[in-house]
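The values are calculated or read from the model by the stated rules, or taken from the named source; none is laboratory data. A quick note: this is a predicted structure, and the numbers were derived from the prediction, not measured. Positions of Cβ are backbone-derived with ideal geometry, glycine not excepted, and every protein chain shown enters the neighbour counts. Calculation scope for accessible area: heavy atoms of the full protein, side chains included, ligands and nucleic acids excluded. Shrake-Rupley method; radii C 1.70, N 1.55, O 1.52, S 1.80 Å.
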Amino acid sequence: MTQKKQTTQSKQTTPLLSENMREFIFKPTESGLRIDKYISQELSSTRNAAVILIEGGNCLVNKRAVKKNYKINANDLIEVSLPPPETVDIVAQDIPLDIIFEDKELLVVNKPRGMVTHPAHGHKDGTLVNALLYHCGNSLSGINGELRPGIVHRLDMNTSGLLVVAKNDFAHNALAAQIKDRKLKREYEAVVAGKPGELSETYFSIDAPIGRDTRDRKKMTVTAKNSKSAVTHYKIIEQYDKAAHLRLRLTTGRTHQIRVHMAHIGHPVLGDDVYGNGKPKWLKGQCLHSRTIGFSHPRTGEELEFSAPLPEYFLKLLRSISS
């Protein structure tokens, strides 16, 4: 039985760019971009968080309030004030963590399949965040609010493997900037249905925008409407009779990206019960593992890279399809 304790975590409307500052001044050099998009880019936040700031009067352009669709002009004076964080209680649970690396700034954690990254509807506890709060106490960034402290990027519940966790806002912003600038290395391994190409050291590329599925809001899909660019690269490690073992690299990091892209080209990840046919059933989710992660340390600038071995469920599937 897991132990629980209460801990306090800061909740913020939008990310901070430093640990202490609450006010920012921007002077754009180009015209034409909507103010909500510009603010979300500059603060590495969601568009919705930027809209909340604008509509709440926390964003002034040339000393005047504007609407979210205002188009900026070069040399506009843009002032953004962030509201002070609220204090909330979150349950911390004594759940074992497979920590690959840890220092004062961050952790690299090997998440098991079946563990939800952060609390959500239907998963209020037992998540990676609950475990991190027990392990780290208040030493986690508060950028993403009460439900996602420390989480710079996420993995789906049934995707195993490595992710990086920030212990403070400085580290969080530095790591988020690397993701935004596509400098954070993410390499996955998966087993997919069929034969998606020839054995080669050359990577195949899937360049197809991903957006919300209008027929099912819980799913993502390849679409040109209300979507974002998405690029996945893959090569075949081993080809079997009816399946292939792949290594995949991400240029972008959209929700369910690998699963959506592989299903889009007709080779869904085995076990995926959302974008594939869910077979084999004993997998209970997609055979997808975050094998390697690499980034520049936010304080020292040292280039770091970590790898996690393939978990037993993955090896079991490889044995079953190779026999």
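Residue count for segment 262-300 under the criterion of being assigned to a loop (DSSP other than H, G, I, E, B) and either closer than 27 Å to VAL108 by Cα or open to solvent by less than 40 Å² (accessible area, probe 1.4 Å) (or both): the result is 17. Kindly check whether there is at least one residue in segment 31-40 that is modelled with pLDDT of 75 or more, among the hydroxyl-bearing types (Ser, Thr, Tyr) and either surrounded by fewer than 13 Cβ atoms within 10 Å (Cβ to Cβ) or part of a loop (DSSP other than H, G, I, E, B) (or both). Scanning segment 31-40 turns up at least one residue that is modelled with pLDDT of 75 or more, among the hydroxyl-bearing types (Ser, Thr, Tyr) and either surrounded by fewer than 13 Cβ atoms within 10 Å (Cβ to Cβ) or part of a loop (DSSP other than H, G, I, E, B) (or both). Against the criterion of being out of contact with any strand residue (DSSP E or B) (no Cβ under 9 Å at 6 or more places or on another chain) and either on the phi > 0 side of the Ramachandran plot or hydrophobic (A, V, I, L, M, F, W, C) (or both), PHE170 qualifies. No other residue among ARG215, ARG182, ARG259 is open to solvent by 30 Å² or more (accessible area, probe 1.4 Å), closer than 22 Å to ALA120 by Cβ and either in contact with a Pro (Cβ under 9 Å, 6 or more places away or on another chain) or not in a strand (DSSP E or B) (or both) apart from ARG215. Residue count for segment 119-138 under the criterion of being within 16 Å of LYS167 (Cβ to Cβ) and crowded, with 16+ Cβ neighbours inside 10 Å: the result is 8.
One line per residue, one yes/no per condition, for (1) over 15 Å from the mean Cα position of the chain (by Cα); (2) under 28 Å from ARG212 (Cβ atoms):
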{"site": "ILE258", "(1), (2)": "no, yes"}
{"site": "GLY266", "(1), (2)": "yes, yes"}
{"site": "ASN277", "(1), (2)": "yes, yes"}
{"site": "GLY285", "(1), (2)": "yes, yes"}
{"site": "GLU312", "(1), (2)": "yes, no"}
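With respect to the conditions (1) open to solvent by 50 Å² or more (accessible area, probe 1.4 Å); (2) farther than 19 Å from ILE179 by Cα; (3) at pLDDT below 95, PHE204 lacks only one, and its number is (3). Given the condition modelled with pLDDT of 95 or more, over 30 Å from ASP169 (Cα atoms) and either among the hydrophobic types (A, V, I, L, M, F, W, C) or touching an Asp or Glu at 6+ places or on another chain (Cβ under 7 Å) (or both), answer yes or no: does some residue in segment 296-308 qualify? The answer is no, given that none of the residues of segment 296-308 is modelled with pLDDT of 95 or more, over 30 Å from ASP169 (Cα atoms) and either among the hydrophobic types (A, V, I, L, M, F, W, C) or touching an Asp or Glu at 6+ places or on another chain (Cβ under 7 Å) (or both). I need the full set of residues from segment 281-323 which are aliphatic (A, V, I, L, M) and free of Cβ contacts under 8 Å to residues at least 40 places away in the same chain, in order please. Correct list: LEU283, LEU315. Is it fair to say SER227 is closer than 27 Å to GLN41 by Cβ, open to solvent by 10 Å² or more (accessible area, probe 1.4 Å) and in contact with a Pro (Cβ under 6 Å, 6 or more places away or on another chain)? In short, yes. Condition check: touching a His at 6+ places or on another chain (Cβ under 7 Å), open to solvent by less than 10 Å² (accessible area, probe 1.4 Å) and at positive phi. Does GLY150 satisfy that? No: the conditions fail for GLY150. Within segment 160-176, does at least one residue satisfy the condition of being out of contact with any helix residue (DSSP H, G or I) (no Cβ under 8 Å at 6 or more places or on another chain) and surrounded by fewer than 18 Cβ atoms within 10 Å (Cβ to Cβ)? Scanning segment 160-176 turns up no residue that is out of contact with any helix residue (DSSP H, G or I) (no Cβ under 8 Å at 6 or more places or on another chain) and surrounded by fewer than 18 Cβ atoms within 10 Å (Cβ to Cβ).
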